Amino acid sequence: MMKRFWLQLKGMGIMFFLPILGYLLFIPFCVMILNRNVEEAEQRFLTAQHMCYQFIPILSTIWMYMFQKEYVEGEGREILILGRKIPLFSFIYWILNLPFIWAALHILKDTEGYREDLFCEMLVASFMICGLVFFLNFAISSISLSILLVVLYIWLSNIDIENVLVFRDGLQDVQQASQYLYVVLKGGGLMSGQAAVYTAMGALFWLCGLFKARRL
């Protein structure tokens, strides 16, 4: 199994380093630029938190997309899938992101004091998004469409719903319900109840992806 995993990594070529560069260089650089004139510690943290919610979930899917592309769209994919441990390798590629997410949070000085909580939030967010990717890839058999849907979903999740909905008396419950429909990727933090919901959603996506992959 390890030999097969190593061959998959070699097959990714230089693209393997794309998520790593995103975690360790791109996100810290963006946070540094956005916080260059900000002095308040709380605002600096909120900026860093928002950037993490905006980019870490999508970065965590890149290895999975590269790994599953040949199985989903490649010629003779039915033969390739036969006997392959797709769910196991997909889960390993998600796990592979975690040390780099942890490293990214330590590079971001503005997260000091909140790193453990933010890491747990990123753990939940990336687990759910990778589960969604796993399911979509095999449900619609199109990597391009899957990427489009996931990027659109994350983009919508980062919209400040308070600026989208018109707030007036009687609409507060609607507003709060609408916020809850988004997978709180916009950097507002995950409450324990919400984290449990999104973890359950992620587990469901992973199970549905497993079911679809085995039916191909």
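Yes/no matrix, rows are residues, columns are (1) of a type in the set (A, V, I, L, M, F, W, C); (2) surrounded by fewer than 23 Cβ atoms within 10 Å (Cβ to Cβ); (3) in contact with a helix residue (DSSP H, G or I) (Cβ under 7 Å, 6 or more places away or on another chain); (4) modelled with pLDDT of 95 or more:
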position	(1), (2), (3), (4)
L80	yes, yes, yes, no
K85	no, yes, no, no
N97	no, no, yes, yes
W102	yes, yes, yes, yes
K109	no, yes, no, no
E112	no, yes, no, no
E121	no, no, no, no
N137	no, no, yes, no
I147	yes, yes, yes, no
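Per the listing F67, F29, the residue uniquely in contact with a Phe, Trp or Tyr (Cβ under 8 Å, 6 or more places away or on another chain) and of a type in the set (F, W, Y) is F67.
In the set (1) modelled with pLDDT under 60; (2) among the aliphatic types (A, V, I, L, M); (3) open to solvent by less than 70 Å² (accessible area, probe 1.4 Å), the condition left unmet by V164 is number (3).
What's the number of the only condition in (1) at pLDDT 90 or above; (2) open to solvent by 70 Å² or more (accessible area, probe 1.4 Å) that D169 fails to meet? If we test D169 against (1) at pLDDT 90 or above; (2) open to solvent by 70 Å² or more (accessible area, probe 1.4 Å), just (1) comes out false.
For beta carbons closer than 7 Å, sequence separation of 6+ or different chains, a first residue in region 112-134 that is farther than 14 Å from M201 by Cα and a second that is outside any helix (DSSP H, G or I), the qualifying pairs are E121/G189; E121/L190.
When residues in region 5-30 are screened for being within 16 Å of the chain's Cα centre (by Cα) and without any contact (Cβ under 8 Å) to a residue 12 or more places away in the chain, 1 of them pass.
The values are calculated or read from the model by the stated rules, or taken from the named source; none is laboratory data. Values in this document were obtained by computation on a predicted structure and should not be read as measured data. In this analysis, Cβ positions are derived from the backbone assuming ideal geometry, glycine residues included, and neighbour counts consider all displayed protein chains. Heads up: the accessible areas ignore ligands, DNA and RNA and are worked out on the full protein's heavy atoms, side chains in. Shrake-Rupley method; radii C 1.70, N 1.55, O 1.52, S 1.80 Å.
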